[in-house]
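First the structure, in the form of structure tokens, and then the observations on it.
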Amino acid sequence: MPRIAQRGLCRASNRLPPSFSLTRRVAKAVAYADLDGDERLASYFHWAEPGILHGLYTEEMRAAVAGRRFSVPLIQSLERIPDDIEELTRMIYLEGKHFLADHNLSYFDKMSMATGVEVRVPLLDPDLMALAARLPTQYKHHRGEGKWILKAAMADLLPSEVIYRPKSGFGVPLRHWLRNELGDLLADTLSEASLKRRGLFEPAAVQKLLELDRSGTVDAAYTILSMVCIELWCRMFLDVALPSRP
């Protein structure tokens, strides 16, 4: 895509409300389109703009992470596969290696085990995964249709409205929770006193981000949740003295 078209799409997406799901998808698709090769593929996995994150850090934190790029683990994973592998397959590899393992499968396992349910994921069978990895690109994405070979294989077994219905995830109403049910937790973990005591994030910068998120100027729900989780983790494992072993 030409650079001028990328910038045009970015400007168009910025005029849409941040809460609009299409806004997030369009902005994510074009935000890093001017990067080259594996850097561009890795950038699609950023949960937040690196510049925004660095702006939240204290001076000590910025010094500690100076020179470190968020994309390094992803780039290192891509270095393990041949350079002539097409981009779609490289992207799918990153999805399986990082996003599925660190995000979707982890959530799925925790939520199912919390209720005593044993879950299996048959489409992640190693032999099936190996076969899928060897398939030509046109069988994975054909004429704008994703997962084409899987849908074609089920054409005689399932009705069309099932095969081609829109994808539906199992997301939680995070943005609503942050403004309502989790309000007290947010006020506690990201308070000025709490942030100063921890020394990782700059209180004024965090407060500004919270205001921008509440006003709908930006969608920072996952960045805010991440900071809350970091503070809770520190309280659980750093602040509380562990019992000595006998």
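Nothing in this text is a laboratory measurement; each read-out follows from the coordinates by a stated rule. No experiment lies behind these values; they were computed from the predicted model shown. When we count neighbours, we look across all protein chains shown, and the Cβ atoms used for this are built from the backbone with ideal geometry, even at glycine.
Can you pull the Kirkwood radius for segment 174-239, inverse mean 1/r over Cα pairs, to one decimal in Å?
Numbers: mean 1/r = 0.0832 Å⁻¹.
Kirkwood radius, segment 174-239: 12.0 Å.
With the Cα gyration tensor of segment 77-168 giving a ≥ b ≥ c as the square roots of its eigenvalues, does the rule (a/c under 1.5 for rounded; else a/b larger than b/c for prolate; else oblate) give rounded, prolate or oblate? In terms of gyration-tensor shape, oblate.
Could you compute the FRET efficiency for residue 142 and residue 40, with r as their C-beta to C-beta distance and R0 at 30 Å, rounded to 0.05?
Calculated transfer efficiency: 0.85.
Among the lysines of the chain, pairs that are 8 or more positions apart or on different chains and have alpha carbons within less than 22 Å of each other number 13.
The slack between residue 149 and residue 75, meaning 0.36 nm per residue of separation minus the straight C-alpha distance, is 23.8 nm.
The helix-only estimate of mean residue ellipticity at 222 nm for the chain, built from DSSP H runs of length n ≥ 4 each weighted as -39500 (n - 2.57), is -15500 deg cm²/dmol after division by the residue total. Exposed loop positions in the chain were taken to be GluC sites (Glu not before Pro) whose DSSP state is not H, G, I, E or B and which have at most 11 other beta-carbon atoms within 10 angstrom. Between these positions, the longest stretch is 1-78.
Let me have the relative contact order for segment 174-239, percent, based on Cα pairs under 8 Å that are six or more residues apart. Result for segment 174-239 is 30 percent.
The slack in the chain from residue 128 to residue 91, taken as 0.36 nm per residue of separation less the alpha-carbon distance, amounts to 11.5 nm. Distance from the alpha carbon centroid of segment 171-236 to that of segment 124-139 works out to 40 angstrom.
The angle between the Cα long axis of helix 3-14 and the main principal axis of the chain comes to about 60°, on a 0 to 90 degree scale. In units of the compact-protein estimate 2.2 N^0.38 Å, the chain shows a Cα radius of gyration of 1.19. The slack between residue 236 and residue 52, meaning 0.36 nm per residue of separation minus the straight C-alpha distance, is 63.6 nm.
Build a GNM of the chain with springs between Cα atoms under 10 Å apart, and of 51, 96, 171 the one that fluctuates most is 171. Working from Cα pairs under 8 Å separated by at least six residues, relative contact order for the chain is 21 percent.
Taking amide H as placed 1.01 Å from N in the peptide plane, residue 57 has its amide H under 5 Å from the amide H of 202, each at least 5 places away in sequence or on another chain.
Applying 1/(1 + (r/R0)^6) with R0 = 41 Å to the Cβ-Cβ distance of residue 184 and residue 161, what FRET efficiency is obtained, to the nearest 0.05? Could you put the intermediate results ahead of the total?
Numbers: r = 44 Å, r/R0 = 1.07.
Efficiency for this residue pair is about 0.40.
Return a whole-number percent for the relative contact order of segment 37-134, with Cα pairs under 8 Å and 6 or more residues apart as the contact set.
Values: 29 pairs, mean separation 26.7, N = 98.
Relative contact order, segment 37-134: 27 percent.
Evaluated at q = 0.12, 0.19 Å⁻¹, the base-10 log of the normalised Debye intensity for segment 37-134, with identical point scatterers placed on the Cα atoms, takes the values -0.56, -1.01.
Near the amide H of residue 141, within less than 5 Å, lie the amide hydrogens of 148, all on another chain or at least 5 residues away, with H placed in the peptide plane. Between residue 101 and residue 118, the modelled label-to-label distance comes to 2.5 nm, taking each label 7 Å out from Cα in the direction of the beta carbon.
Say a paramagnetic label sat at a point 7 Å from the Cα of residue 172, along Cα to Cβ; which residues of segment 182-207 have their backbone N under 19 Å from it? Of the residues in segment 182-207, 182-190 have backbone N under 19 Å from the label point off residue 172. As an equivalent ellipsoid, segment 139-196 spans semi-axes of 46, 14, 7 angstrom, where each value is the square root of five times an eigenvalue of the C-alpha gyration tensor, largest first. Under a Gaussian network description of the chain, with springs only between Cα atoms under 10 Å, the residue in 190, 78, 135 that fluctuates furthest is 135. Taking 54, 141, 46 in turn, the Gaussian network model of the chain (Cα-Cα springs below 10 Å) assigns the largest fluctuation to 141.
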